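In what follows, a single structure is set out as structure tokens and then discussed.
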Amino acid sequence: MSTQTHFTPTEACTLIAYEAVSLLNTVETQLPQCVQELRTAVEAFSGIHDLGKDGEALLEWLDMEIAAAQRFVDDGVSLPNLIDMERLDMEPDAVAQMDLVWLLFGTAAKEECRPEQRQALLGAARAVTEMCRMDDLLLDTVKPNVAKLAKGLRAELDDIRDSIPDGKKMLEEAYPHPTEPAM
């Protein structure tokens with residue numbers, strides 16, 4: 001049994017991207033405003049922590065999902081998610097959320113973090129605190145689920161990397177004249 005109590009930067013970035021895509025699944029008439037802020041946070045977090053290919057895969061996944069959601073808003077055409085969004089069978093508990101928030105704050109405080117990146121990271125931290133039951137942390141009534149969630153996040157990133165080529169093909173076939181996602 002793993003006793004991991006803190007996310008790695010790659011796991012944290014994967015969780016932020018996952019939450020952004022989850023928000024896209026609620027789209028009916030327009031993209032949620034915070035999705036762009038979460039995408040910017042993923043980009044900033046990835047760059048500052050030098051996540052390389054993992055960060056690139058997460059950004060590519062986000063861009064593909066944003067383009068698919070925009071297609072739904074524009075034309076009513078619903079494209080499937082690139083990966084099974086039900087695979088990650090748990091949401092971050094309050095302890096995991098706080099770990100992620102501290103990682104975001106720590107990244108925002110780094111010298112190389114530009115003001116717009118800092119703002120996006122702080123916005124992501126704000127969104128994370130609203131995910132679920134943050135009050136449980138204050139009451140100290142939960143046991144951390146970071147280790148199990150981190151394992152799921154690593155598997156999710158593997159699926160994302162494997163699914164990108166097929167996702168690109170699906171988007172190109174469904175939308176022959178793609179527009180760039182609003183950044």
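Observations
- Of all residues in the range 52-83, those satisfying the criterion of being closer than 24 Å to ARG114 by Cβ, touching a Ser or Thr at 6+ places or on another chain (Cβ under 9 Å) and open to solvent by 20 Å² or more (accessible area, probe 1.4 Å) are GLY52, ASP54, GLU56, LEU59.
- Any chance PHE72 is of a type in the set (Phe, Trp, Tyr) and under 20 Å from VAL128 (Cα atoms): no
- Leading residue by the ranking (surrounded by the most Cβ atoms within 10 Å (Cβ to Cβ)) among those in the range 92-113 that are outside any helix (DSSP H, G or I) and in contact (Cβ under 8 Å) with a residue 12 or more places away in the chain: PRO92
- Considered as a group, the residues in the range 1-28 that are outside any loop (DSSP other than H, G, I, E, B) and among the hydroxyl-bearing types (Ser, Thr, Tyr) include one that is surrounded by the most Cβ atoms within 10 Å (Cβ to Cβ), and that residue is THR14.
- Residues satisfying the stated conditions in the range 108-162, i.e. more than 26 Å from MET64 (Cα to Cα), modelled with pLDDT of 90 or more and not hydrophobic (A, V, I, L, M, F, W, C): LYS110, GLU111, GLU112, PRO115
- Of all residues in the range 29-80, those satisfying the criterion of being part of a loop (DSSP other than H, G, I, E, B), free of Cβ contacts under 8 Å to residues at least 40 places away in the same chain, more than 17 Å from ALA127 (Cβ to Cβ) and not polar (S, T, N, Q) are ASP50, GLY76.
- Scanning the range 10-30 for residues that are touching a Pro at 6+ places or on another chain (Cβ under 8 Å) and not aliphatic (A, V, I, L, M) gives a single hit, THR26.
The values are calculated or read from the model by the stated rules, or taken from the named source; none is laboratory data. In this text the structure is predicted, and so the values were computed from the model without any measurement. Counting neighbours? That spans all protein chains shown, and the Cβs are built from the backbone with ideal geometry, glycine included. SASA here: full protein model, heavy atoms, side chains in, ligands and nucleic acids out. Shrake-Rupley method; radii C 1.70, N 1.55, O 1.52, S 1.80 Å.
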